[in-house]
1. Using only Cα atoms and rounding to the nearest 10 degrees, what angle (0 to 90) does helix 454-468 make with the longest principal axis of the chain?
2. Using the Cα centre of the chain as origin and beta-carbon charges of +1 (Lys, Arg) and -1 (Asp, Glu), tell me which of I117, I16, T218 is placed farthest towards the positive end of the dipole.
3. Testing the spin-label approximation: label points 7 Å from Cα along Cα→Cβ at V141 and A337. State their distance in nm.
4. Sort largest first and round to whole Å: the equivalent ellipsoid semi-axes of segment 350-413, each the square root of five times a Cα gyration tensor eigenvalue.
5. Which listed residue (I379, G392, H329) has the Cα farthest towards the positive end of the charge dipole for segment 329-433, taking +1 on Lys and Arg C-beta and -1 on Asp and Glu C-beta about the Cα centre?
6. Provide the FRET efficiency to the nearest 0.05 for the R134-A68 pair, computing r from the beta carbons and using R0 = 25 Å.
7. Angle between the Cα long axis of helix 63-73 and the longest principal axis of the chain, 0 to 90 degrees, nearest 10?
8. Can you list the residues, at least 5 places off or on another chain, whose amide H is less than 5 Å from the amide H of E308, using H built in the peptide plane?
Amino acid sequence: MSQPAKVLIVDDEELIRLNLRMLLEDLGYIVVEAADGREGLDAFDREGPDLILADLRMPVMDGLSMIAALREKSTEIPIIVVSGTGTVQHAVDSLRLGAWDYVIKPVEDARAFEVVIERALEKSRLLKENRLYREHLEELVRERTEDLRKAHDELELRHQDVSRLKDMLADDNRYLLGELWSASGDEIIGSDFGLKAVMEMVRQVAPLNSPVLLLGETGTGKEVIANAIHYSSPRKDGPFIKVNCGAIPETLIDSELFGHEKGAFTGAVSQRRGRFERADKGTIFLDEIGELPLQAQVRLLHVIQKREIERVGGTNSIPVDVRIISATHRNLEEMIASGRFREDLWFRLNVFPIILPPLRQRKEDIPSLVSHFISRKSIELGVSTPPAVAPGALERLMNYNWPGNVRELENLVERELIRHRGGQLMFDSLLPAGQDTISPDCREGSHIRTPLKLDEVISLHISNVLRITKGKVHGPGGAAELLGIKANTLRARMDKLGIKYGRNK
């Protein structure tokens, strides 16, 4: 049950206050009294009435002054003027100052007076409810606005995270697409012959996490062996990240290897992960490790020891689980002696060294390598039918010294295919100028260790004679004259053997 309304009567006439009290208490209201305007203000502050009945003419502070002061305190409290002064001006003045109604005393019609009071209290109740509802709505709006702001900020942060991850993914995709060919793994040609010992070492070390150091001349296939180690290891489903240490400018080595934070330096417009972070749970291949500057060697040693990296411009250490395979064609021990390579880093990298033999020491692999490169390069160059190798051509290739190793052979096959215009591949005019393509064993008076087919011997001899005549077939000083046969007969034999002819310019 709700508590009855409290009414404050402000009148200097005690009899009037008594009459009004009796009337109001009969109607069920709680009554509070004050004898003048000043007491009325104090009672308002003290009692917090729901309605005020105020006379106009009072000592100390009159009713109009009290109404004006009350309206500064509250605009909602209903004030009804009950006055014996019934002039229109008094009524207008009181209503203008904020009174809600005007009643002439003495109050004779109790029922009509009750209606005035009830109407005033109802209006006050509605105003309070409206104010409270409005305040509640405003609070809800503030809360929802704050929630929306927080949600917007959260979405903005999530958007930034998504954008950052999207940039990282795009960066990884660009990087991995560029590495796709090598990452697919090259076929190991010579695994049963010239590289048999190397492949046995690969099988021994691949299942482990031990660092591997690949040693050998440029072009011997160190990257191919690094691929084989990774894809034969438990880390084969993880990333295989390659770094050519000699191809990175010294000022960018830290950023390339360990990454950088946004704004770490001019041009660092976004966060970027380095090669070590990309290689987490996989393998990193540090090719040409001997080209790494000394300062970078110090930082690399720290990463190997601590198994953590710190991006350029960052403050947080990031743990990395990476297997390291390094490679070099340099003599690192000589570099250590001359102060160009750190001995402690060498100890860390040289746990399991594998030496790759140069091609001149495994020439038995050349036929398989040539066949492999012809097939692969024909696909790359759009050659529908890979051409055959002419008789005698393989013998010439096997008697060449190959200072550039397997890479030189691969490049030679590609050049021959580019120049190919039909027939068989000869490889007779594309070897470097001045290189003796004839093995000492094939020269006059030498014992031939590997028997050749007759067509190969004839092809080899004709090619040598053509080289002497600079491609001239007929006429004085031509190959036909030197061979003692007719030019047409020589051309027919060259067509059969797939030897191209035409005078060299």
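1. Once rounded, the angle reads 90 degrees.
2. So the residue we want is T218.
3. 8.6
4. The three semi-axes for segment 350-413 are 25, 16, 9 Å.
5. So the residue furthest toward the plus end is I379.
6. Result of the calculation: an efficiency of 0.50.
7. For 63-73 against the chain, the angle is about 20 degrees.
8. Placed amide hydrogens put V320 under 5 Å from E308.
All of the numbers you see were taken from the coordinates with simple rules; none came from a lab. Remember, predicted model here, so these are calculated numbers, not experimental data. Using ideal geometry, Cβ is built from the backbone for each residue, glycine included, and neighbour counts are taken over all protein chains shown.
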